[in-house]
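Before any comments, here is the structure.
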Amino acid sequence: MVFKEIMVSVNYIRCWRPGMGFQKYKVALIFSPLILLILYLSMGKYSVSFGSLEQLLYSDSIDKTIFFNIRLPRAVEAMIFGACMGISGASLQTTLRNPLVSPYFLGISSGAAFGAALSMALFGYRNFFLVQPSAIIFALLAVFLTLSLSKFRGQFSPVSLVLSGMIISALFAGFLSLVQILVEPEKTQAIVAWMIGRLYTITWSDVRVSAPLALLGIIGLLHFRWRIFVLSMGDEEARSLGINVERERLMIILLASIATASVVSVTGIIGWVCLIAPHITRFLVGSDPKVLLPASISVGACFMLLADMISRTAWSFEIPVGVITTIIGAPLFLYLMRRAQNEWR
Amino acid sequence: MNGVEAVDLCFSYGEMMIIRQASFGLQPGEILSILGSNGCGKTTLLKCLNMLLKPEGKVLVDNMDLKSLSGRDLAMLMGYVPQMHSPDFPYRVVDVAVSGRTPQLGFSIPSKRDYELARKALDRVGVGHLADKFYTQLSGGELKLVLIARALVQEPKVLLLDEPTSHLDFKNRVLVLKILREIADDGIAVIMSEHDPNLASLFSDKVLLMMNKGEIVRYGSAKDVLSPENIMKVYGLEIEVFEKEGARYIFPRLGA
């Protein structure tokens, strides 16, 4: 019986074309992050029972500490991270008309990694309150360099933007290697751990650092979603429809960069989410940014909650969530690419 | 004057002069076809008219200088249908058409009424039945019509089209031009580039013949402009002219 059920749903997924509609999934997109959040909070090495929520709230037990100071901030940060990555990736892919672009392509990841490494090298790797600002500053610096490098005859073309992003990424990766070679081995280890990306260090203060900028980016990009749609028609057509192409594209890139840099600076470089989440969303609701952008917030959050649940509970020790997202991400991306190939071009 | 008027338009890419002192005017309801050999600057002239490029000289629509208008205001006066459009993402046809409302919408999402306008425009150019399909699945002719519908949703006074009949089969060429004629008859000034002198003279009120380096050879009615002498000057081709029931037909004289 169960087998039959599974076959029916597998068949449903197989027959199902990308973008079959948003309305059908609206409810699911709103509620699935919440359901996953509850699941996330109740799962873990230390079991917190939900039967005693009242007890949890009014006691000073260890349950309360684990629940409110360890699991909840971590879950919240996971969701913020996923949401930022989902919407930033979806916005950039659409605006730059390239389904393979992600915020990391603009140099954010290597800029942030270099910033974090530099701060760890200079001030010690335990001073996380210095690592964050340094990572965010260098991430935005890398984006700024990418943008100014790609400006050619006063115009940004999507292709030159992606190429400049690669150049800047390579440059910062080189600096990063230099730092890694020059510092003591235990610092190198800390730098590598930061670069893989993890959520087990997250506290409420991390959430407070990243949430305002992340929200700014998300709300800004949502505000731009109709313009993003028109921009994806091509520069000349967007201009003939009354859009100031250069200025608005720059705004969108900046919003996506701010959102991404703010979360990456506290979690490290958790890979593939910014590429995978938009594509899962596109697979579910289609490419139209009006629905793609809001939906990608929900999908990104769900993806991160799931990945972190695996990271926390699947093994006897904890595997950094960045490892999980990369291991799930690569084959999943291959699958989505095969499925949607005809739809992209 | 009403309609659209170009006064002394000049444009150059660096040292290269592309458009040289182009001046012409068009009333609402008229169609202007721009003819000339490949690479003579037809597309450049169109892009100068809607300020995608920055020409010297003036373009007036209803006596308003387009240079003084914002991009958004300009988009409410002029629609543009590009020669090529490569669809990158599988958007629904009606969503593509409704994007013509962007100048009116600003940052807001189109309402039901906007979608009704888009569907009406799609019906008008005869592709209403495709409204809910993905526009990546359309043929070249259907895609052209969808883009024309999008320009109509803009409710422009002037419609610019860059080679609306290129890459279309014989029937679709005539179909597109017939639709453009209807659009013009509703009081829109239509300016397009066209390669076929016969179709140009059948469907347009004015013809503008361009020489290489953007020099305007002749501007006026099709009968005056498309004379054997002018065609010789522009294309280096000898032609034969036939007249039947008031229409003129031009054929190349082969083996001459």
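Laboratory data are not the source of any read-out in this text; all were calculated from the coordinates shown. All of these numbers come straight from a predicted model, not from anything done at the bench. Backbone-built Cβ (ideal geometry, glycine too); neighbour counts: all protein chains shown.
Taking every residue in the stretch B:199-227 that is of a type in the set (Ser, Thr, Tyr) and pairing it with any residue that is in a helix (DSSP H, G or I), at least 6 positions away or on another chain, the pairs with Cβ-Cβ distances below 6 Å are B:201/B:222.
Against the definition (in a helix (DSSP H, G or I) and among the acidic types (Asp, Glu)), how does residue B:132 come out, yes or no? Criteria not met by residue B:132. Here is the figure for the stretch B:227-256: residues that are under 19 Å from residue B:39 (Cα atoms) and part of a loop (DSSP other than H, G, I, E, B) total 2.
Against the test of being crowded, with 17+ Cβ neighbours inside 10 Å and in a helix (DSSP H, G or I), the options B:119, B:72, B:113 yield a single qualifying residue, B:119.
Quick one: which of A:302, A:274 is assigned to a helix (DSSP H, G or I), closer than 21 Å to residue A:105 by Cα, touching a helix residue (DSSP H, G or I) at 6+ places or on another chain (Cβ under 7 Å) and not small (Gly, Ala, Ser)? If you could, list the steps in order and put the result at the bottom.
Numbers: A:302 fails: closer than 21 Å to residue A:105 by Cα.
Exactly one of A:302, A:274 is assigned to a helix (DSSP H, G or I), closer than 21 Å to residue A:105 by Cα, touching a helix residue (DSSP H, G or I) at 6+ places or on another chain (Cβ under 7 Å) and not small (Gly, Ala, Ser), namely A:274.
Given A:211, A:277, A:261, which one is within 14 Å of the chain's Cα centre (by Cα), surrounded by fewer than 24 Cβ atoms within 10 Å (Cβ to Cβ) and away from chain B (no Cβ under 14 Å)? Explain how you work it out, then say what you get.
Values: A:277 fails: surrounded by fewer than 24 Cβ atoms within 10 Å (Cβ to Cβ); A:261 fails: surrounded by fewer than 24 Cβ atoms within 10 Å (Cβ to Cβ).
Matching residue, one of A:211, A:277, A:261: A:211.
With respect to residue A:179, is the statement that it is over 24 Å from the mean Cα position of the chain (by Cα) and among the hydrophobic types (A, V, I, L, M, F, W, C) true? Against the criterion (over 24 Å from the mean Cα position of the chain (by Cα) and among the hydrophobic types (A, V, I, L, M, F, W, C)), residue A:179 qualifies. Can you confirm whether residue B:123 is more than 8 Å from every other protein chain (Cβ to nearest Cβ), within 23 Å of residue A:239 (Cβ to Cβ), without any contact (Cβ under 8 Å) to a residue 24 or more places away in the chain and charged (D, E, K, R)? When the stated conditions are applied, residue B:123 does not pass them.
Looking only at residues that are charged (D, E, K, R) and part of a helix (DSSP H, G or I) in the stretch A:182-208, which one is nearest to the chain's Cα centre (by Cα)?
From the stretch A:182-208, those charged (D, E, K, R) are A:184, A:186-187, A:198, A:206, A:208; that's our starting set.
Retained after the next criterion (residues that are part of a helix (DSSP H, G or I)): A:186-187, A:206, A:208.
Values: A:186: 28, A:187: 26, A:206: 16, A:208: 17 Å.
So, considering only residues that are charged (D, E, K, R) and part of a helix (DSSP H, G or I), the one nearest to the chain's Cα centre (by Cα) is A:206.
Being in contact (Cβ under 8 Å) with a residue 24 or more places away in the chain and surrounded by 15 or more Cβ atoms within 10 Å (Cβ to Cβ) is the filter here, so list the residues in the stretch A:308-327 that pass it. Spell out how you get there, then give the answer.
Taking the stretch A:308-327 as the starting set, the residues that turn out to be in contact (Cβ under 8 Å) with a residue 24 or more places away in the chain are A:308-309, A:311-313, A:318, A:320-323, A:325-326.
Scanning the stretch A:308-327 gives A:308, A:309, A:311, A:312, A:318, A:320, A:321, A:322, A:323, A:325, A:326.
Tally time: how many residues in the stretch B:70-112 are more than 8 Å from chain A (Cβ to nearest Cβ), free of Cβ contacts under 8 Å to residues at least 12 places away in the same chain and among the hydrophobic types (A, V, I, L, M, F, W, C)? Within the stretch B:70-112, residues that are more than 8 Å from chain A (Cβ to nearest Cβ), free of Cβ contacts under 8 Å to residues at least 12 places away in the same chain and among the hydrophobic types (A, V, I, L, M, F, W, C) number 1.
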